[in-house]
Amino acid sequence: MTQLFINKLTNLDFSFLDPKRGLVGESWLIDIELTGTLNDQGMVLDFGIVKRLVRDYVDQYIDHCLLVPVNYDGIDIQDLGEQKEIAFRVQSGHTIIHRSNAESIAVIPCSTINTDTIREFLLTQLKLLLPDNVSGLDIKLYTEPGLKDSYQYSHGLRKHKGNCQRIAHGHRSDLQIMVDGQPSEQWQQYWIQLWQDIYLGTSRHLVDIQKTSDIDDYYHFNYQTPQGAFYLKLPKTMCYIIDDESTVEKIAQYLAEKTAQKIPGKVVKVIAYEGIGKGAVAEFTY
């Protein structure tokens, strides 16, 4: 038997529902290892085929999706034809409601979403796609190595042409803030703590609060995109509202401007990441 491995094959950006934390954004890297006999090409499997099989599957069923633990006691799923509605009761007593097309939701047979339960799910699904000479498969899912501090956020980009238009997908992101050219641990921690497990909602996506019966406790978001209609109801304590679309460019600009307003006369530079290895830079002086 011979082993074939690919480290950091791809990364996953998604959100998931958690009984304690609510709606959580996450970013993971994925390593894969195959064990098997050599085929007539002298390979366990061509690297290109492995990459395509795994990437195609996780891109379709995990990446930029909302992961839902269907074995959790506090969940109710309604099939609405072309859409699915998820009602998820968190330990605080609040209920999160998400409604979208079925492709935006990944239904996972577990009670809690974590690297172990998603690993088992992917192992089961990916084994079905592999040729007969591959007898073993292993997967490792993990957060970005060396990431000291990060914040985890979810959002939806209505104007995006791809899957970022989905109303509840997210990221685990690094954040670096410089004040007059020097790293500022104070302001980095300020925003990281404020935005931990947050939904960055856009004010234009809010339903008219006068038309809702729970305006004191919840925000309601909805919008229409080429992928269909999206709706999300979240406790206000899980949200932070900004006026613009929450692209990483807009996030960097917002953080630079708001921080600079608190320390007039200082040059604030923000390096904001969207998941792993990509992001935007903005600078502002108030």
Computed FRET value (nearest 0.05) for Gln224 with Ser92, which takes r as the C-beta separation and R₀ as 45 Å
0.90
15 Å cut-off, amide nitrogen to a point 7 angstrom out along Glu33 Cα→Cβ, residues in the stretch 138-165
138-142
Taking the alpha-carbon distance from Lys20 and a cut-off under 15 Å, which aspartates and glutamates remain once sequence neighbours fewer than 8 residues away in the same chain are dropped?
Asp73, Asp197
Taking neighbour Cβ counts within 10 Å as the exposure measure, how do Ile32, Ile97 sort from fewest upward?
Ile97, Ile32
DSSP bridge orientation in the stretch 78-232 - percent antiparallel, rounded to nearest 5:
90 percent
Over 23 Å between Cα atoms: which of Lys84/Lys140; Lys236/Lys266; Lys51/Lys278; Lys8/Lys250; Lys84/Lys127; Lys140/Lys236 fall into that group?
Lys84/Lys140; Lys236/Lys266; Lys8/Lys250; Lys84/Lys127; Lys140/Lys236
Subtracting the Cα-Cα distance of Lys8 and Arg21 from 0.36 nm times their residue separation yields 1.9 nm
Simple spin-label model, 7 Å along Cα-to-Cβ: Ile271 to Ile49 in nm?
4.1 nm
Hey, for a label at Asp73 modelled as a point 7 Å past Cα toward Cβ, could you say which residues of the stretch 108-129 have their backbone N under 19 Å away?
109-113
List, largest first, the extents of the alpha carbons of the stretch 198-286 along their principal axes, each in whole Å.
44, 30, 18
For Gln261 and Met1 in the same chain, what is the full-extension length gain: residue separation times 0.36 nm, less their Cα-Cα distance, in nm?
87.4 nm
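Under the 0.36 nm per residue contour assumption, what length would be gained going from the current alpha-carbon distance of Gln189 and Glu82 to full extension? Could you put the intermediate results ahead of the total?
Working: separation 107, 0.36 × 107 = 38.52 nm, distance 4.22 nm.
So the extension gain works out to 34.3 nm.
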Calculate, for Asn133 and Val281, the FRET efficiency according to 1/(1 + (r/R0)^6) with r their C-beta to C-beta distance and R0 51 Å; round to the nearest 0.05.
0.60
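So if we plug the beta-carbon distance of Tyr57 and His160 into 1/(1 + (r/R0)^6) with R0 = 30 Å, what FRET efficiency do we get, rounded to 0.05?
For R0 = 30 Å, the calculated efficiency reads 0.85.
We did not get these values from a lab; they are worked out from the coordinates using the rules stated. Since we're looking at a predicted model, the values are computed, not measured. Methodologically, a virtual Cβ is constructed for each residue, glycine included, from the backbone with ideal geometry; neighbour enumeration extends over all protein chains shown.
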